[in-house]
Amino acid sequence: MIILHVAIPAPLQGSFDYLAPAHVDARQVWIGTRVRVPFGRRQVVGIVIGTATESRIERGRLKAAREVLDDAPVVPADLLAVTRWASDYYHHPLGEVLATALPVSLRNGQAAESPPLQQWRLTEAGRALSLAALKRAPRQAALWTLLHAHPAGLTAEALTAHHPRWRQTLRPLIEQEWVEMAELRLARASPRVAARESTLQLNADQAEAVRTLTELPDQYQAHLLEGVTGSGKTEVYLRLIEQVVSRGRQALVLVPEIALTPQLVARFRARFDAPLAVLHSGLSDKERLQAWIMARDGTAPIVLGTRSAVFTPLKHPGAILIDEEHDGSFKQQDGFRYHARDVAVWRARHLHIPIVLGSATPSLESLHNVAQGRYRLLHLPERAGAAQAPTLRVLDVRKTPLTGNLSAPLLAAIGAHLHAGNQVLLFLNRRGFAPTLLCHDCGWVAKCRRCDAHLTYHHGSRRLRCHHCGAEAPLDTSCPACNGDDLRPLGHGTERVETLLQERFPDYPVARIDRDSTRRKGALESLFDSALRGEYRILLGTQMLAKGHHLPGVTLAAILDADQGLFGVDFRGPERMAQLITQVAGRAGRGDKPGEVIIQTHHPDHPLLHVLLTRGYREFAAAALAERHEAQFPPYAHLALLRAEATGRDEPGRFLSAAAQAAPAGASVELLGPVPAPMEKRAGRYRAQLLIQAASRAPLHRFLETWLPALAALPLARKVRWSIDVDPMEML
Ligand code: ADP
Ligand code: ZN
Ligand code: ZN
């Protein structure tokens, strides 16, 4: 008798035992194939993760799988290995981890074959056309020129890289029968890869980095590529990838959510004439399956994606690259809480391939790993090419008159850079018009009913919005408490600063870039494109503006409020602030003209801020690590956070107290709490947390292994929602 161990996407640890379907020879059911099985009252798709000859369940009660969905494994051994590890490490059910790793259509039981690739190309009539025929339709003419240069046709994704709104433009061309859609099936054979030679001569530091990265291609080694903004990290990545694909291997490239833009994809396409598998959250199910299968079958030598792409199967793995490794978007903050960087490092080790983590502002964890000799450091201390490091000026704004939150010297500098014909970039990490709305007559403040938070006033929509739960209300003209009509916005968000700037510099158009102004698909891209063309002279925005984009026209970058994040409850606050400040500063002077950076602060003497501003990120990191060491925070200790939430105020705390009581005696971990979450009420639920701290990883994991299963049996476990977060990145 052969028993199938099946992983099922359900919040339960472990796998489930089934028999093979009656007419199927169980010996033919491979590990990694999908089966449809009865589960409770439902039927679900599970993955066979092992087989055995005995079961803990008695024979008569074992159920048979209904159907085997694949005749070959869908989940290759390498992917099964990494998901198993992640399931153990993050103490999350394997079935759910596998669900994260698989495209939706495979999860639903659809065929694991790649759907045909759709490509658009010119028809004969279309090719015969002359450009003059389209001279009154410049967008169509541009698209025609592009298609003319690619006789075999272009995929939707390739078209998007050049023309974000190509579908609209293409429609009339299709109606005229000048363009047609063709469906291709990709051959399984390895594709021809041609890397176009770069015209750049690497500088000595880049050459050294490339040499180190490529010297032992069949061995695991983690590298930290620390290079100031504009130092040519991307060029180093491209050279490494060139080497990898020239050996017939695949490169997996992970980037932060916000950095995966058509511009980046276009840069890769320009360099490599090879199929690119691009994976991000904006894909349709079909596109995602396509890209996944191209990676799995080795037809795509380069796989480029955001967080969850770390679970993409690779037929011929050659190297893993993570750009902006410090970025918070690599950590999933709900459900299966994993850190893609850490998963990637494990995976590279398992696959015996090199991995490179790149950043201008490496995470303290990675710097610590360098200090411990676990990662090798590659350093690019200078900007590549002709660009110079910007000059930095700290403006102590205490007691100085402000226009909104703009000091006179900053306004003067903005004016000077604009008059000189340049662009300025202003960073403020707060969207909306004002973070608080106050009644001047009675002191009433607009608060969210479902959260412990103020409502933000949005002027454009004339609404109050909660940035924590999304609740919205129209703006009343009078105070709900006293009926007075003197309601005043307090504080400054991007919307308000935009208004101030427009009043002050009426001749210079302002682009505001934040989550509100970029909600529409493609809006962020078109704002950046217009900025690149110089249509906007002032760029004002939140984190979205701080990352990734190369805007050579910007000569002044300013941080309007460097103090945000210095005094928060999260011990990672200063690290995040330092990274943001450094990234924003790196936006200035990336072209031929020298750059200037201005930083407004009320706390020029804050020790960490002071070190950052006078001596740079490296020294800041050393000081911040010393503080972490002192306080026994990561990376000098290892944490897990047990969170609980419920509609009743007391339940989360009571559950966590019972959980703490249930801790096995003698474990070498410390339990801190329970305490209410820093924002206790959020989206109508009360939240509390219990911190588990250990000096090293092994005892932490041993503890969680025995403790977590016991929690499910606690009487309160069904009254609260609870979850475990291993290596939590946010203490909220
Ligand atoms: P990073 O990724 O470190 O911010 P990039 O790779 O985007 O830096 O490079 C910044 C700019 O410098 C780009 O315009 C790039 O073409 C240019 N660059 C990179 N390496 C060199 C080099 N060796 N010589 C001249 N210019 C270079
Ligand atoms: Zn009032
Ligand atoms: Zn709210």
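The values are calculated or read from the model by the stated rules, or taken from the named source; none is laboratory data. Small disclaimer: the values here were computed from a predicted structure and weren't measured. No Cβ is skipped: glycine too gets one built from the backbone with ideal geometry, and neighbour counts run over all protein chains shown. Quick note on the areas: whole protein, heavy atoms, side chains included, nothing else; ligands and nucleic acids left out. Shrake-Rupley method; radii C 1.70, N 1.55, O 1.52, S 1.80 Å.
Please verify whether R450 is within 16 Å of ligand 3 (Cβ to nearest atom), touching a residue at least 60 places away in the same chain (Cβ under 8 Å) and under 23 Å from I581 (Cβ atoms), treating the condition exactly as stated. For R450, the condition - within 16 Å of ligand 3 (Cβ to nearest atom), touching a residue at least 60 places away in the same chain (Cβ under 8 Å) and under 23 Å from I581 (Cβ atoms) - is not met.
Against the numbered list (1) farther than 17 Å from Q423 by Cα; (2) among the β-branched types (V, I, T); (3) in a strand (DSSP E or B), T555 comes up short only at (1).
Residues that are of a type in the set (D, E) and open to solvent by 50 Å² or more (accessible area, probe 1.4 Å) within the range 1-60 comprise D25, E54, E58, listed in sequence order.
Scanning the range 299-329 for residues that are touching a Pro at 6+ places or on another chain (Cβ under 9 Å) and within 20 Å of L102 (Cβ to Cβ) returns T299, A300, T306, R307, P313, L314, K315, I320. Here E287 meets each of (1) modelled with pLDDT of 90 or more; (2) among the acidic types (D, E); (3) in a helix (DSSP H, G or I) with one exception, condition (1).
Scanning the range 359-386 for residues that are surrounded by fewer than 20 Cβ atoms within 10 Å (Cβ to Cβ), among the hydrophobic types (A, V, I, L, M, F, W, C) and more than 25 Å from G328 (Cα to Cα) gives a single hit, A386.
Given the condition polar (S, T, N, Q), more than 30 Å from R697 (Cβ to Cβ), surrounded by 15 or more Cβ atoms within 10 Å (Cβ to Cβ) and touching a Gly at 6+ places or on another chain (Cβ under 9 Å), answer yes or no: does some residue in the range 131-143 qualify? No - not one qualifying residue is present in the range 131-143. Determine whether L418 is open to solvent by less than 50 Å² (accessible area, probe 1.4 Å) and either assigned to a loop (DSSP other than H, G, I, E, B) or in the same structural domain as L613 (by TED's automatic domain parsing) (or both). Yes: the conditions hold for L418. Sub-7 Å Cβ pairs linking a first residue in the range 467-490 that is modelled with pLDDT under 90 to a second residue that is within 14 Å of ligand 2 (Cβ to nearest atom), at least 6 apart or interchain, are T477/D485, ordered by first then second residue. Annotation note: of P116, P103, the sole residue that is open to solvent by less than 20 Å² (accessible area, probe 1.4 Å) and at pLDDT below 95 is P103.
Of everything in the range 245-284 that is part of a helix (DSSP H, G or I) and of a type in the set (A, V, I, L, M, F, W, C), the residue that is surrounded by the most Cβ atoms within 10 Å (Cβ to Cβ) is V245. For the range 431-447, what are the residues that are in a loop (DSSP other than H, G, I, E, B) and either away from ligand 3 (no atom under 13 Å from the Cβ) or open to solvent by 10 Å² or more (accessible area, probe 1.4 Å) (or both)? R431, G432, F433, P435, H440, D441, C442, G443, W444 - these are the residues of the range 431-447 that are in a loop (DSSP other than H, G, I, E, B) and either away from ligand 3 (no atom under 13 Å from the Cβ) or open to solvent by 10 Å² or more (accessible area, probe 1.4 Å) (or both). Here L455 fulfils each of the conditions (1) open to solvent by 60 Å² or more (accessible area, probe 1.4 Å); (2) modelled with pLDDT of 95 or more; (3) within 16 Å of ligand 2 (Cβ to nearest atom) apart from (1).
Note on the range 579-593: residues that are out of contact with any Ser or Thr (no Cβ under 7 Å at 6 or more places or on another chain) and under 23 Å from R618 (Cβ atoms) total 6.
Checked against (1) under 26 Å from L367 (Cβ atoms); (2) more than 14 Å from ligand 1 (Cβ to nearest atom); (3) at pLDDT 90 or above, I258 passes all but condition (3).
Just one of the listed residues (A663, A659, A717) is under 20 Å from P11 (Cβ atoms) and at pLDDT below 95, namely A717. Scanning the range 367-392 for residues that are of a type outside the set (A, V, I, L, M) and either within 16 Å of ligand 1 (Cβ to nearest atom) or modelled with pLDDT under 90 (or both) returns H379, P381, E382, R383, G385, Q388, P390, T391.
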